[in-house]
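Have a look at the structure below, then the notes.
The values are calculated or read from the model by the stated rules, or taken from the named source; none is laboratory data. Since the model is a prediction, treat every value here as computed from it, not as a measurement. Positions of Cβ are generated from backbone atoms using ideal geometry, with glycine treated the same way; all protein chains shown enter the neighbour counts. Side chains included, ligands, DNA and RNA excluded: accessible areas come from the protein's heavy atoms. Shrake-Rupley method; radii C 1.70, N 1.55, O 1.52, S 1.80 Å.
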Amino acid sequence: MLLSLAPNHYDINFVAVFSVVFIFLVSKAWRRVTSGKNDIPGRLGLPYLGETISFLSATNSTKGCYDFVRLRRLWYGKWFKTRMFGKIHVFVPNPEGARMFVKKFDKMLCERLKNLEEGGKSFVVLEFSMKLTFDAMCNMLMSITEESLLRDIERDCTSVSNAMLSIPFMIPGTRYYKGIKARERLMETFREIICRRRSGKESPEDFLQSMLQRDSYPSSEKLDDSEIMDNLLTLIVAGQTTTAAAMMWSVKFLDENREAQDKLRIFLSADLFNAGIRPAINVGISFISEYHSFEIKKGWHVNIDAACIHYDPDLYKDPRQFDPSRFDEMQKPYSFIAFGSGPRTCLGMNMAKVTMLVFLHRLTSGYKWTVDDLDVCLEKKAHIPRLRSGCPITLKPI
């Protein structure tokens with residue numbers, strides 16, 4: 001209608017620009033009026049679709065999916081909301097929560113290393129790190145510190161983890177059967193904890209409580225109890241086994257490379273974490289339809305061999321040599337995928353790095369060690385590569 005009043009193309013351009021600006025200002029003012037003072041900034045876009053296309057574009061670029069988050073923090077601030085894949089997501093800054101976790105983990109680690117030092121006996125790094133990371137995860141997620149409850153949950157989580165590469169036959173005595181039954185017990189345990197929280201008997205500040213505080217939110221902005229419990233189990237199992245294995249491999253590689261160990265004592269670098277887990281990660285999973293002119297048919301599963309990428313001499317000079325300095329230089333895109341990539345990027349990778357760095361800092365700055373079993377054979381039936389010996393060591397305080 002406005003365009004019909006314009007006598008020539010200059011007026012048309014002016015009116016078009018004016019209309020766009022006018023509509024933008026009116027819509028912005030309307031959002032300000034209709035929104036509460038605590039409304040989280042951001043853009044939801046169209047129903048269901050939202051900003052899904054923008055997110056996928058970021059994941060398919062060399063900058064990665066976190067560029068999507070970085071841009072929106074620039075536009076909207078530290079807090080922002082968006083809609084992806086039909087769900088509304090709120091991104092929140094929580095450095096205080098992260099610092100609280102690091103402080104608790106550091107205290108727990110120091111106490112346990114001190115006990116091992118005073119005992120003077122050999123201990124298995126894998127067993128130590130599995131228990132350490134498990135206890136830390138349960139504390140952060142659900143504030144569980146009771147020893148008997150921790151061990152019951154750990155026992156069932158181990159059964160679930162062991163069942164991941166088993167044949168899915170519900171036959172009593174099989175790994176799969178034990179894993180399913182263990183999962184049922186875990187769900188019941190989590191359900192009881194949630195019931196106590198909702199009844200007001202306990203309300204600690206942790207991950208679970210933050211989920212339950214969203215009960216009054218619309219269904220599109222919260223998880224139901226079954227989803228919360230499933231996420232708890234996923235976070236515990238995934239966070240424990242991978243981080244514990246990375247700790248074990250780092251101890252082994254540092255023992256074999258005393259020069260790198262001495263440098264770490266002088267200046268702790270995140271590069272050593274990357275170097276520690278690069279050789280230990282074997283398989284990632286992705287989905288593609290055609291690769292190198294080979295046709296991959298619908299329904300086939302494609303296994304991306306991460307170990308092959310990490311050992312590629314075209315990407316890494318002397319790839320089988322433990323060399324943390326190789327990460328001083330910028331790596332080629334997708335040449336290091338220990339944490340996956342794109343929409344499958346590990347959401348817990350920053351917490352895993354912090355946990356590893358605290359562990360390496362306390363271990364190398366306070367102790368030297370000797371590896372008591374040099375067996376390099378891998379553990380059978382483990383979905384994460386782990387030494388069969390678990391890397392037993394004896395500590396000597398510096």
Review point. Which residue pairs have Cβ atoms under 7 Å apart, sit 6 or more places apart or on different chains, and have a first residue in segment 165-179 that is part of a loop (DSSP other than H, G, I, E, B) and a second that is hydrophobic (A, V, I, L, M, F, W, C) and surrounded by 11 or more Cβ atoms within 10 Å (Cβ to Cβ)?
Key: MET170/ILE180
Check your understanding: Considering only residues of segment 39-56 that are under 14 Å from ARG72 (Cα atoms) and not small (Gly, Ala, Ser), which is most open to solvent (accessible area, probe 1.4 Å)?
Key -> ARG43
Study note, to complete from the structure: If you go through SER365, SER335, the only one that is free of Cβ contacts under 8 Å to residues at least 40 places away in the same chain and among the small types (Gly, Ala, Ser) is SER335
**Study point:** Breaking point among (1) over 29 Å from PRO397 (Cα atoms); (2) more than 25 Å from the chain's Cα centre (by Cα), for PHE123
**Key:** (1)
Exercise for review: Determine whether segment 125-136 contains at least one residue that is outside any helix (DSSP H, G or I), in contact (Cβ under 8 Å) with a residue 60 or more places away in the chain, of a type in the set (Val, Ile, Thr) and touching a Pro at 6+ places or on another chain (Cβ under 8 Å).
Suggested key: no
Check your understanding: When you go through (1) modelled with pLDDT under 85; (2) part of a helix (DSSP H, G or I); (3) open to solvent by less than 60 Å² (accessible area, probe 1.4 Å) one by one for ALA244, which number turns out not to apply?
Key -> (1)
Review point. Taking segment 102-133 as the search range and keeping residues that are open to solvent by 40 Å² or more (accessible area, probe 1.4 Å) and touching a Leu at 6+ places or on another chain (Cβ under 7 Å), which one is modelled with the lowest pLDDT?
Key: GLU117
Exercise for review: Starting from residues that are basic (Lys, Arg) and under 18 Å from SER250 (Cβ atoms), keep the ones in segment 294-341 and report whichever is least open to solvent (accessible area, probe 1.4 Å).
Suggested key: ARG326
Exercise for review: Being more than 20 Å from the chain's Cα centre (by Cα) and open to solvent by less than 20 Å² (accessible area, probe 1.4 Å) narrows it down to one of ALA182, ALA136, so name that one.
Suggested key: ALA182
**Study point:** Matching residues in segment 208-229 - criterion: being in a helix (DSSP H, G or I) and open to solvent by 60 Å² or more (accessible area, probe 1.4 Å)
**Key:** SER219, SER226, GLU227
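Of ASP230, ASP206, ASP225, ASP215, which residue is farther than 23 Å from ASN350 by Cα, among the acidic types (Asp, Glu) and at pLDDT 85 or above?
Only one candidate qualifies: ASP225.
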Exercise for review: Scan segment 321-338 for residues that are assigned to a loop (DSSP other than H, G, I, E, B) and of a type outside the set (Ser, Thr, Tyr) and jot them down.
Suggested key: GLN321, PHE322, ASP323, GLU329, MET330, GLN331, LYS332, PRO333, PHE336, ILE337, ALA338
Check your understanding: Here is a list of conditions, (1) open to solvent by 30 Å² or more (accessible area, probe 1.4 Å); (2) modelled with pLDDT under 55; (3) among the charged types (D, E, K, R), and ARG278 meets all of them except one; can you say which number that is?
Key -> (1)
